[in-house]
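First up is the structure itself, then whatever we jot down about it.
Values quoted throughout were computed directly from the atomic coordinates according to the rules given, and no laboratory measurement underlies them. Model, not experiment: these values are computed from the prediction. In this analysis, Cβ positions are derived from the backbone assuming ideal geometry, glycine residues included, and neighbour counts consider all displayed protein chains.
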Amino acid sequence: MRHIISVIVENKFGVLARISGLFSSRGYNIDSLTVGESNDPSVSRMTIVTRGDDSILDQVMKQLNKLVDVIEVTDLPRENSVRRELCLIKVKCTAGTRTEILEVANVFRAKTIDVGHRSLMIQITGTEGKINAFIKLMEPFQIIEMARTGVVAMMREMNETAGQENNEQNGQ
Amino acid sequence: MKISGSEIFVECLRKENVEILFGYPGGVVIPLFDKLYDAHDIHFVLTRHEQAAAHAADGYARATGKTGVCLATSGPGATNLVTGIANAYMDSIPMVAFTGQVPMSLIGTDAFQEADITGITRPITKHNFLISDTSKIASTISQAFYIASTGRPGPVVVDLPKDVSTGVIDFEWPEVPPVPKGYKIPKYADTACIGEAAEAIRVSKKPLIYAGGGIIISGAEKELLVFAERINAPVTTTLMGLGGFPASHPYWVGMPGMHGTYTANMAFTECDLVIAVGARFDDRVTGKIEGFAPNAKIIHIDMDPAAIAKNVEVDIAVVGDARAILGQLLEVVEPRGRNGWNDYIEKMKKTHQPTYDRDSGILKPQYVVEQIYEVTKGEAIITTEVGQNQMFASLYYKFDKPRRFISSGGLGTMGYGFPAAIGAQLGKPDAVVFDIAGDGSIQMNIQELATAVEQKLPVNIAILNNQYLGMVRQWQELFYNKRYSGTCIECQPDFVKLAEAYGAHGIRVDKPEDVRAAIEKAISIDGPVILDFHVDREENVWPMVAPGAPISDTMEGLLS
Ligand SMILES: Cc1ncc(C[n+]2csc(CCOP(=O)(O)OP(=O)(O)O)c2C)c(N)n1
C-alpha cells in the first residue's frame, strides 16, 4: 500500500538527515520526500510518500513520532487530502511537432516556460496521475530532461466545500 | 558577567548535579579540561580508552539511576565513544556524551581530527546536538540532560566546537529546560485500556507476567510485586529486568528465551495471557515468533509506543510509565485466586532448575558464580561481559533487588563489564562489585586496570577462564561439528602478573576447593583484584534454545 505521510518538524539543521536516516536504517522505502518551510518559519512540513503494509506503516509513524524534532505525524487519507506535484519537462520539438505539443500542454493546463529552437520546457502541476499521463503523451516527442518535485499534500477542511476541485483530480 | 563557553560548560554540569565525569582529553577539548582543573566538586575520571569512559558512565547510570556523563575529544576520541553510546542506546540508559569538535569554520573541511559525530551517532542516540554558538551552550546542555533522562531514557550527544567553547558571553541558565515542541513523555494510560487489561486479567486462567528493564528504569519493583501477588501470577524477568522482581520469590520463574529457564519458556508456551511490562519481546526472548505464546492474549505495557507490536502482535496496548500504569491497574484489578496453573508452574520450577555436574571435581564456571553469590549473600553489584560468563551470571546469581545486575543486553558488547564495574563502584562506593568476565571479553578493555588502580577502586574481576571465546565455541560445538574456527584463545597473558604489573592484585584458582577462600580474600583487599578461575574448558550454558527454534524446544543440557 502506498501512503502519503505529512510530518511537521522543527525547522532545524540535521532534521532531514534524521528522518531520511530513519527510513534507510530500517529498510523502509521512500518514493518521494519534499520539505519546505511552513507558515511558521520555525516549523517545516515534509511530505513523504512511502510503501508498506499496515504494520510497516504503523512502525514508520511511531518511529517518526519518536524523533525529538518531530512535532506531528499524519497519514493523509486519500479522500480527505489534496496532493500536488510540480514537474518541469524539456521535450524535443521541431517546427512540425511544436503546435501538437503546445496543444496537449494546453489541455493539461501546463505552462510553456521556455521556447528554444529544438526544445520546449513545460511546467505542469497536479496530481501524480495527471503528471504521469502528461509524461506519457510527451514521450513520443522525446523527453530530453525532466525534474519532478515529489508530492506535497495537505488535509482538506472537512465541510461541504470539500471535493470542490475534483476537476483537477480528473486530469485537466 | 561574561564568561567563556568552557566555564559555561562546567557551570551547566553543576546545575545538572553532575558529580562525576568520565573521559579522555585532546586538542579541541583542552579549554574544557582547563576549566575542569579548578572544578573540585566534579570528579573527573581519566579512563584509558574512550570506549571505557562511555561504558563507565553507563555503569554509573545503571547502578545509581542518575544520568551518566562522558567527555571525549573530536575525531578519534569521539569515534571511540561510539560503541559505548550504541550500548547505552540499546538498553535505554540515560547518558550525556560530550564531544569536542573542530572550530565551526573548519567543519566539513576534513580538518585534522574532524569526524561528523552527530552524523555518525544519529542512529544510535535518542537525540544529538551540534552547538554552533556560545550563547546556545546552556540551553542545549539543559535540554540534553532532560531528553536523556525522561521518557524512555537514552544517550544524547552534545558536540562542542572549539571556538564555541572559547567564545565569551553572559551566562544564563534556563530554569526550565527549553523542551522541543514535539517531545512527548507518556505517563498514565487512558482508563479505557486499563479497564480492558483488567478484564483480560479477570478472565485469564493462566496468566504470566513478563517484566523487563522498564521496571527498573521506572522504579516499579514494589508495584510489580504487589501486582503479581494480587493476581497470583508467575513472573518471568528478562536479562534487563533481573532484580526487578525478587529472585527468591516463589512466583519468579527465571529468565525467558534462548538461555532462559525451562519453566519460563514453558510458561510462555502454555499461558493464556501475557502481561508484558517494560519488556520489548527481543528475538533472544521470543525465539521463533510462530511458536511464541501460541495460546495467549498479549497485554503490552510500555513507555515507547514504537516498542509495542514491533515484534509480536499485541491485543491490548497500554502506553505509559510502567510504575504509573501498574499503579492504575492496581486500582481496578480484582484479586485472582490461585488455581491449578500456579501449582503446575511451581512444580515445574522445582523439577527444572538450571543445573550442572556438581560432582565432577573439575572447576565449573557455574560453581564460581554460585560461590560469589554465597559469599556476597546476594548483595553485590554484578556486572558482566558478554558470552557464557553473562549467562552463567544471570542463571546462577540470584537478584532480589534492582540495579544490582548490570549487563549489556541489547548490543551484547564484549568489554562492557569491567568499565561498567568501575562506573558502578564510583556511583556506589560502599557496594561490593564483581565483574563476571570471560577471558576473551576482559581483554577488550583490560587497560582500565590502570583506571581502577588510580581511583583505588575495590572492583573484583572474576574471569571464568576457559581459554575459548566460549559462547561462540558452544555454537560451533553444537551446530558446526566442533570446528572451533577463531575461538581458541590459548595464547593469553598471565592474568595474575598482568594485574600485578598494573599495581593490582591477582589470584589464580584451579580447584573448586579454593574458590571460596579466593573470593573472600579478593573482597578483603582494598583495591582491584583479578580472580583468574581456570574453569572446565568446554562447559556449556544450559538451558538453551537453538537459534531459530521456538522456545518450547528448550534443551536442558546433557546432564540434567
Ligand atoms: C565486541 C564484540 N565482539 C564480538 C562479539 C561476539 N561474541 C559474543 S560472545 C563471544 C565470546 C566471548 O568469549 P569470552 O569473553 O571468553 O566469554 P565466554 O563466552 O568464554 O564466557 C563473542 C566473540 C561480541 N559480543 N562483542
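Computed quantities for the displayed model
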{"read-out": "Span from the segment B:261-286 Cα centroid across to the segment B:106-152 one, whole angstrom", "value": "38 Å"}
{"read-out": "Neighbourhood net charge (12 Å Cβ-Cβ; Lys/Arg +1, Asp/Glu -1) for B:N445", "value": "-3"}
{"read-out": "Relative packing of peptides B:126-132, B:96-102, B:13-19 - highest average C-beta neighbours within 10 Å first", "value": "B:96-102, B:126-132, B:13-19"}
{"read-out": "Contact order normalised by residue count of segment B:215-342, Cα under 8 Å, 6+ apart, percent", "value": "26 percent"}
{"read-out": "Cleavage-rule hits (trypsin sites (Lys or Arg not before Pro)) in segment A:54-100: DSSP loop, at most 16 neighbouring Cβ within 10 angstrom", "value": "A:R78"}
{"read-out": "For segment B:372-432, size of Cβ-based charge dipole, Lys and Arg +1, Asp and Glu -1, in debye", "value": "140 debye"}
{"read-out": "Evaluated over the protein assembly as shown, the Cα radius of gyration and Dmax, each in Å", "value": "29.6, 101"}
{"read-out": "Ordering of B:55-61, B:188-194, B:80-86, A:38-44 by burial proxy (mean other Cβ atoms within 10 Å per residue, highest first)", "value": "B:55-61, B:80-86, B:188-194, A:38-44"}
{"read-out": "10 Å Cβ neighbours from other chains, averaged over peptide B:174-187", "value": "3"}
{"read-out": "Cα-projected label distance for A:E37 with A:S20, points at 7 Å along beta-carbon direction, nm", "value": "2.1 nm"}
{"read-out": "Shielding score for A:60-73, defined as the mean number of other chain Cβ atoms within 10 Å", "value": "5"}
{"read-out": "Residue-by-residue Karplus 3J(HN,Hα) for segment A:114-127, coefficients 6.51, -1.76, 1.60, Hz, glycine and proline x", "value": "8, 10, x, 6, 10, 8, 10, 10, 10, 10, 10, 10, x, 5"}
{"read-out": "Helix axis angle, A:54-66 relative to chain A longest principal axis, alpha carbon, degrees", "value": "70 degrees"}
{"read-out": "For segment B:26-51 versus segment B:164-227, the gap between their alpha-carbon centres in whole angstrom", "value": "33 Å"}
{"read-out": "Fraction of alpha-carbon pairs over 44 Å apart in chain B - percent", "value": "19 percent"}
{"read-out": "Helix-derived mean residue ellipticity, 222 nm - over the protein assembly as shown, DSSP H n ≥ 4, -39500 (n - 2.57), to 500", "value": "-10000 deg cm²/dmol"}
{"read-out": "Relative packing of peptides B:106-113, A:121-128 - highest average C-beta neighbours within 10 Å first", "value": "A:121-128, B:106-113"}
{"read-out": "B:K428 paired with B:R202, simple spin-label distance in nm, labels 7 Å along Cα-to-beta-carbon", "value": "4.0 nm"}
{"read-out": "Phi-based couplings in Hz for segment B:537-553 (Karplus 6.51, -1.76, 1.60; Gly and Pro marked x)", "value": "5, 10, 5, 10, 8, 10, x, 8, 10, 4, x, x, 8, x, 6, 5, 8"}
{"read-out": "Value of relative contact order over chain A, rounded to a whole percent, pairs C-alpha under 8 Å and six or more apart", "value": "25 percent"}
{"read-out": "Residue (of B:S485, B:S441, B:I551) at the positive-pole extreme of the protein assembly as shown, dipole from beta-carbon charges", "value": "B:I551"}
{"read-out": "Extension gain from B:F112 to B:A517, taking 0.36 nm per residue of separation minus the Cα-Cα distance", "value": "140.5 nm"}
{"read-out": "Derived scalar couplings ³J(HN,Hα) [segment A:32-48; Karplus, 6.51 cos²θ - 1.76 cosθ + 1.60; whole Hz; x for Gly, Pro]", "value": "7, 9, 10, 8, x, 4, 9, 5, 9, x, 7, 10, 10, 10, 10, 10, 10"}
{"read-out": "Cut-off 14 Å between beta-carbons: net charge of the residues surrounding B:A198, Lys and Arg +1, Asp and Glu -1", "value": "-2"}
{"read-out": "Averaged over B:111-119, number of beta-carbon atoms from partner chains that fall within 10 Å", "value": "1"}
{"read-out": "Extreme residue, positive dipole direction of segment B:223-352, given options B:L329, B:G260, B:H300 (C-beta unit charges)", "value": "B:G260"}
{"read-out": "Farthest positive-ward along segment B:140-271 dipole, Cα basis, beta-carbon charges - from B:P234, B:A247, B:G213", "value": "B:P234"}
{"read-out": "Inter-probe distance in nm under a simple model that places probes 7 Å from Cα toward Cβ, at B:K377 and B:A549", "value": "4.1 nm"}
{"read-out": "Relative contact order [Cα under 8 Å, 6+ residues apart], chain B, whole percent", "value": "14 percent"}
{"read-out": "Cα-based helix-to-principal-axis angle, A:15-25 vs chain A, degrees rounded to 10", "value": "90 degrees"}
{"read-out": "Cα centroid of segment B:510-540 to Cα centroid of segment B:301-321, whole Å", "value": "43 Å"}
